[in-house]
Structures are given as C-alpha cells and as structure tokens.
Amino acid sequence: TAWRCCAGGLRRLLVRATATSPRTRVQAPQPAPEHRGLRPAALSRPAPEARSRFGGSARRAAAVRRARRGRVRGPARTRRPRPLDPSRDEARVMQKVSPKRLWESYGPPGCSVLPADGGVVLDRLQARPQLNGTRAEILSWDAPTGRFAVSVSSSGERIKVKPANLRTLWDRTSLSRACGEGDWLLPIDIMLVIACCLSSRNVAVMSATSRPARASLWLRPTAEPLWEELLARGFGSRAAEVVQKARPGAVGPCLCRCARALRQLFQHRLEVVRGSVHLHANGVEVVACPVLSGLQNAGIGAQGAVRSAAGQELEEAVAKLQKPLEPLSVVLVPGGSLAQHVALTVTEPPTELWRQSSPRTTVRRVLSFLESLHGKLLQAVREAGCRALAMPTLCTGGMGMPAHLVAIAAMFAARTDFCNHPSDPIHIRIACFEADHIRAFRVIEDAMLEHFFNPEVGDEVIMSTLRADRGD
C-alpha cells in the first residue's frame, strides 16, 4: 500500500510539473542496486499495471526464498546421534512432567498436596535416621526400585526414598480427624448422599466449606465408597485397577488425583514427531526396524534408513540370525552407532488377513494384526530391560496399510502396556515420515485420551467414526 501511494504521488507530481512548465523536468532518483522495489520506469505506468508488476516480483521473490530453504546443498548426510545418556534423557522428560504429577501418581495415600517447587520433608528413615525432618526436593521416579530420587537441601546429596518416607510441610492429616461432631454443617449421611450426585471437583469445593466437611468427605472410612464411585463415573471402569497398580493403598480423593496424573503421564511419555525414525533416535535405547521374514534389505523406507544409520555392526548381527524369522516376531540386535538395540520387527501380514469377507470384518482383522504387532514390539522392549523406544509408522510403507488403522493399533497397544505397568512406563516416540500420518495419530490420540480408562467406550467411538467415514 505504501509503495502504491508513493508511485501515485510521484506520477501526479510529474504530470503537474510538466503542465506548468514544459522546460521543467523532474527526474526520479535512481534506486540503490540492492533495492528490489519498483523501478523508476514503473512510476509512469498506470497504477494497476505497476501493482501487477510489484505483485509478480513479490511472488517470484517468495518462490526463490522457499526454494533456497528447501534446497539440499551437497550430498545428504545422516545425523549422528549423541551418545546414550539415560540420566540426561530422564532429565529431559522431567522438564515436561512436573514433580507434582509424579507425587500424585506414585506418592503415599493421604490428603497431602505437593508444592510447586517439589519440596518435601524426609520422615521415618530407619537406615539414616539423622536425615529425618530434613527438607528435600523430588527429582524423579525410579520405577525399578519403586522409590523417589530426591536431593537433600542441606547437603545436596541425592538419595532414593520410599514414598511412605516423604511428607509435605503442612501434612496435618490428624488435625481434621479431631473435629467434634458439633461443628457439622450437615449430618454425615446427608452430606454423602448430596456428594454422590456431584462431580469430584464439586465434591472438593463442598469439602472446602469447613474443616468438618473436609474430614467427612475426605478422611473418614465412610467416604471411601463415594470416591470409588466418583472415580468410575469421572474416569472410567478401569481407573481403579490402574490406580491401585501405580499406587497401592490409595483411598479418597487421591484416587481421582492419581488417575488424572497417570493420564497426563501417558500423554507425556508418548511422542509423535515428524521425520525419519533414524533422525529421532536421540536418547532412546531401542529403534524399531520393519523387516521381512527373510531379512532382505531393499535400501528404501524406514528399514533402509535404520540399517544404513546403524552400520556394519547391525549387518553382522543380521547375518548370524537364522532365516526366515517367525511371523510377527521381534528380535533385538546390536544397534551400532544408532542406538543400543535395533528391534527387527517382522511386518509381513499373514495370507489369511486378506481373505474375502465384509469390509467391517476385514477392518477388524487388520486392526487385530496391527495391535498384536505393536504389542509384541513393546513386550520385547520391556523384557530386554529397556524403557525408551523410537519407532516408525509400521506397515504404512511397503505393506500399504492405511495410516489411521496403524495409528489406532499403535495407540491401543501403548495404552494397554501403560495400564498394565503404570509404575514403569515405556517412553514411546513415533516418527511419521508424512504430515498426513501425524494428523491421523494425533486425532486418534485425542479420542483415546478422552476415554483413557474406559477402553470399551473409546474403541466403540473410534470404530463408529470409521464406519461413518466409510458410509456403513
């Protein structure tokens, strides 16, 4: 707009000067060589023509800039991943998972709430009683030992402590139990009946009206069935089972807090990224490599990228394997310079998978095959003692499986593994080579998180969406 105004003003100035004095000649200053705006010749043209020339030059310049950004200079090089450092990888994950979520997922039962800075007090330590009463800060959760890693504030020493030996500064569970019966705003029975008709958040609001109300709705044994009902109603039928696996003995409002925190932990432990899987192997222990049962390497797709990045060590390990591999089998071999292990995953579908049947039966059969494939991959990673996996979108390339079906199976398998081992989850990173695959995975992830602890309902919602898209 500014350039058009400038062009119009100079053109009028030229016309006025020529009309008043034929001998007067106004010469527009020549632009600098690096100036890429309008040329002086364009100022004497009509405004629409100048505007079209300016728009065309802008479009050409933008196209040149896009071409330069997308240009590959020199031969393509494989980025060498940094050496494995589990502590560094755990620290990167901890930047996304707050200590409060870890406390709510794996902390001791009670009404304690962890402050934002993760500060706690060590309590009832038998091996080192001199540290009792000392302040500390939660760093991470160590699943194999079932303990929190904390840093002692006074000395900076890092130790591992059981959840039962941690307390917050204002943990006063006995104070609320000492309230007298004369302080109740409502009888206990009536308060519990009213609470059964509310959501967990509204029950928490009602319990904040007074200390006796908090004691009756949070701490008394008569309120435990109330919170179990709120948990099943608000989160799903499997929420109580998963919460008890992650935090045995949790009661009261800790059930809902733990279920919410576990769902958020799953979301943080599942990454969907754009690009080839060998470029996203930083910090993981296992990289999945789709293969045929005969282990032939065509040098293309995810298999070609992984085997090329892993190098000769992987090829030597592959040569020693007995061929052909079993259908749906997963074999872990040394990953060379790429990762600690490479999981050779046989993605060949069985012949009966394509047996002629109705579309709905075929989709169910394909989903069952894909979910079994991803489940066996996660099982092999867990049995090898590894907890960080990078994988491509299996079967979307050479096998030609639809990306949305692969996304459904991968998300279902990841949720099943997490719910079976909530205190020791696997960090999963899914690398999508195409942008459409990312959208498919994220849509399925959002639908699954909405019914995370109610898999039957979530699966039916997703399948209903598929049937609607096909017009069944």
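Just a few scattered comments:
- Of the residues contained in segment 227-235, one or more are found to be modelled with pLDDT of 90 or more, part of a loop (DSSP other than H, G, I, E, B) and closer than 25 Å to F452 by Cα.
- Answer residue from segment 244-282, given it is without any contact (Cβ under 8 Å) to a residue 40 or more places away in the chain and out of contact with any Phe, Trp or Tyr (no Cβ under 6 Å at 6 or more places or on another chain) and is farthest from E450 (Cα to Cα) among those: P248
- Top-ranked residue in segment 335-367 [being outside any helix (DSSP H, G or I) and either surrounded by fewer than 16 Cβ atoms within 10 Å (Cβ to Cβ) or at positive phi (or both); ranked as modelled with the lowest pLDDT]: Q356
Quick grid of which residues meet (1) of a type outside the set (F, W, Y); (2) outside the structural domain of E456 (by the TED database):
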{"site": "W227", "(1), (2)": "no, yes"}
{"site": "G234", "(1), (2)": "yes, yes"}
{"site": "S237", "(1), (2)": "yes, yes"}
{"site": "C258", "(1), (2)": "yes, yes"}
{"site": "C289", "(1), (2)": "yes, no"}
{"site": "G294", "(1), (2)": "yes, no"}
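- Residue match in segment 250-271 (condition: more than 30 Å from S199 (Cβ to Cβ) and of a type outside the set (S, T, Y)): yes
- Cβ-Cβ distances below 9 Å connect the following pairs, each with a first residue in segment 205-219 that is at pLDDT 75 or above, a second residue that is crowded, with 18+ Cβ neighbours inside 10 Å and aromatic (F, W, Y), and a separation of six or more residues or different chains: S207/W218; L217/W227; W218/W227.
- Meets criteria (at pLDDT below 90 and crowded, with 17+ Cβ neighbours inside 10 Å) for P425: no
- Out of I430, I408, I438, sole residue that is part of a helix (DSSP H, G or I) and either in contact with an Asp or Glu (Cβ under 9 Å, 6 or more places away or on another chain) or basic (K, R) (or both): I408
- Options A413, A390; residue that is within 22 Å of the chain's Cα centre (by Cα), crowded, with 19+ Cβ neighbours inside 10 Å, in a helix (DSSP H, G or I) and assigned by the TED database to the domain that holds I462: A413
- Residues that are modelled with pLDDT under 90 and either closer than 24 Å to T416 by Cβ or assigned to a loop (DSSP other than H, G, I, E, B) (or both), drawn from segment 296-310: Q296, N297, A298, G299, I300
- Qualifying residue in segment 145-166 (condition: within 19 Å of R247 (Cα to Cα), modelled with pLDDT under 75 and surrounded by 13 or more Cβ atoms within 10 Å (Cβ to Cβ)): no
- Within segment 444-460, the set of residues being assigned to a helix (DSSP H, G or I) and buried (at least 16 other Cβ atoms within 10 Å of the Cβ) comprises I444, E445, A447, M448, L449, P455, G458, D459.
- If you check E434, E460, E445 for being within 30 Å of S140 (Cβ to Cβ) and of a type in the set (D, E), only one passes: E445.
The values are calculated or read from the model by the stated rules, or taken from the named source; none is laboratory data. Keep in mind that what you see is a predicted model, and the values were worked out from it rather than measured. Note that each Cβ is placed from the backbone with ideal geometry, even for glycine, and that neighbours are counted across all protein chains shown.
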